[in-house]
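So the structure is just underneath, and the comments pick up after that.
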Amino acid sequence: MKVDAKHPLYDEFLPRWQECSDAVAGPHVMSKKASHYLASLADGNDSPQAQLRNARYQKLARFSGFSGSTVAGFVGLAFYRYPAVTAPDYLQEDVDGSGVSLEQQAKGALAASLTKGRIGLWADYPLGAGALSRAEQEEKKVRPVILAYEAEQIINWRDKALVVLAEKYAKEDDGFEVKYDDQWRCLLLINGVYTVEVYRKQTNGKFEIVSELSGVPTDANGNSWKEIPFAFLGPDNNAASPDTPTIEEIAHLNIGHFRNSADCEISSFEMRPTVAVKMAKTWFEDVLKGQINMGGAIPLDVTGDIQIVQSDPNDLALKLKDDKKADMIALCARIIEPERTQRTATEAVGDQIQYTSRLSAAADNLSAAYTKALNWCARYSGDAEEMLYQLDTNYGTNKMTAQERQQLMAEWLGGAVTDSDYHRVMKSDGIITEEFDDWQASKEARA
């Protein structure tokens, strides 16, 4: 049994995940991996001079964090308004048992979804805890958690029947140093019953099940599960297959921009002015004593000459950089509204769709996945209340101008716009914060 077998799509997507992740991680990671992403100037030339020039080429390159800024901007926009959450306080304050809040984990999950096109949420509960009341759970400190798994950790899957997660466990711990090793957590449906099996590889290369970590989980009523409480999350849909990373096109251009930067920097470095001095060898040795001092007068013999040597500027790499920057902006590298010009209503709606449609889909998928995971936790703990996690996808990137608000108010006062429509538009712009009934009651009281 090959527990660590990988799904065919895993090997196909892994290089794409790594490239997008590196681009989003920013200058520090890209500089460390410059030899991987930048062309070698020393191909076929092992001379020390060629290797030194190639090392200088990689060191001078500057990476601009368009990809990371784009993801951060998307996440900030998605969480601009606090989401609607119905969940126990202990889950909101510490969702995974390590002190990470639900909001923090959700932000990280959205960033991972946009960066790599997938992430997984697993609702877990201690095996063998049995049916416990809420008071008993608090007394024994037994509680459900939601654990987030990166795309690289989800190595194998079969829709609704199998999920294999690659993990690390502490193999040795002397109190100062911890040594980790690999283990594989298999979430399976065996004869329609949800089962957890954890495997570790032995010295003989065989996989052995870890019995104390394996078993059949049960809910608060002691019933086994008929489904695997694991939710896939992606920017396009929440199916088991990976989605295309939202940031992939921008990351690809960003890496090309990095290469153009390397070309610009090495060109600038190597085209610095160089002083060329021409003189007879005997004059250099006898008169100048084998040394030329720059910054002062240099005596020359009758055949001597001094020239400044400098290569012509090459603007091609700079132009390529600018072209890629413009392409990234066209791909929503900047999550801001274009400069306001005279536009029709249809054009305004088109702009709104262009700048928020992909983020809205990713945010809706996040809401659906977390709502599902929270309700799994409720089933583990016995909470009867229906759980909810819902991001507000009304981002208001095309807010009305003062003139547009004035026109809307005139139409409302003239009866062309209903109270509810006026309230909805003004609330979407953040001007009105009250719910409709409260706003209408307040308006009538003032009247």
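Among the strands (runs of 3 or more DSSP E) lying completely within the stretch 164-266, list those that include at least 1 residues that are crowded, with 20+ Cβ neighbours inside 10 Å.
Ranges flagged: 178-190, 193-201, 230-233.
Let's see how each residue does on (1) modelled with pLDDT under 80; (2) assigned to a loop (DSSP other than H, G, I, E, B); (3) polar (S, T, N, Q):
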position	(1), (2), (3)
Met294	yes, yes, no
Pro313	yes, yes, no
Ile329	yes, no, no
Arg334	yes, yes, no
Pro338	yes, yes, no
Ala348	yes, no, no
Ile353	yes, no, no
Leu359	no, no, no
Asn375	no, no, yes
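Name the single residue that is farthest from the chain's Cα centre (by Cα) among those in the stretch 219-265 being over 27 Å from Met328 (Cβ atoms) and of a type in the set (Asp, Glu).
Filtering first and then ranking leaves Asp219.
Can you tell me how many residues in the stretch 105-135 are charged (D, E, K, R), within 25 Å of Arg158 (Cα to Cα) and at pLDDT below 90?
So in the stretch 105-135, the residues charged (D, E, K, R) come out as 107, 116, 118, 124, 134.
Still in the running and within 25 Å of Arg158 (Cα to Cα): 116, 118, 124.
Checking which are at pLDDT below 90 leaves us with none.
Number of matching residues: 0.
Within the stretch 64-85, is there a residue that is more than 24 Å from Asn365 (Cα to Cα) and touching a Phe, Trp or Tyr at 6+ places or on another chain (Cβ under 9 Å)?
Yes, the stretch 64-85 contains a residue that is more than 24 Å from Asn365 (Cα to Cα) and touching a Phe, Trp or Tyr at 6+ places or on another chain (Cβ under 9 Å).
Do we have Ala368 as assigned to a helix (DSSP H, G or I) and either modelled with pLDDT under 65 or not assigned by TED's automatic domain parsing to the domain that holds Glu249 (or both) here?
no
The values are calculated or read from the model by the stated rules, or taken from the named source; none is laboratory data. Predicted, not measured: the structure shown is a model, and the values here were computed from it. All Cβ positions, even for glycine, are placed from backbone atoms using ideal geometry, and neighbour counts span all protein chains on display.
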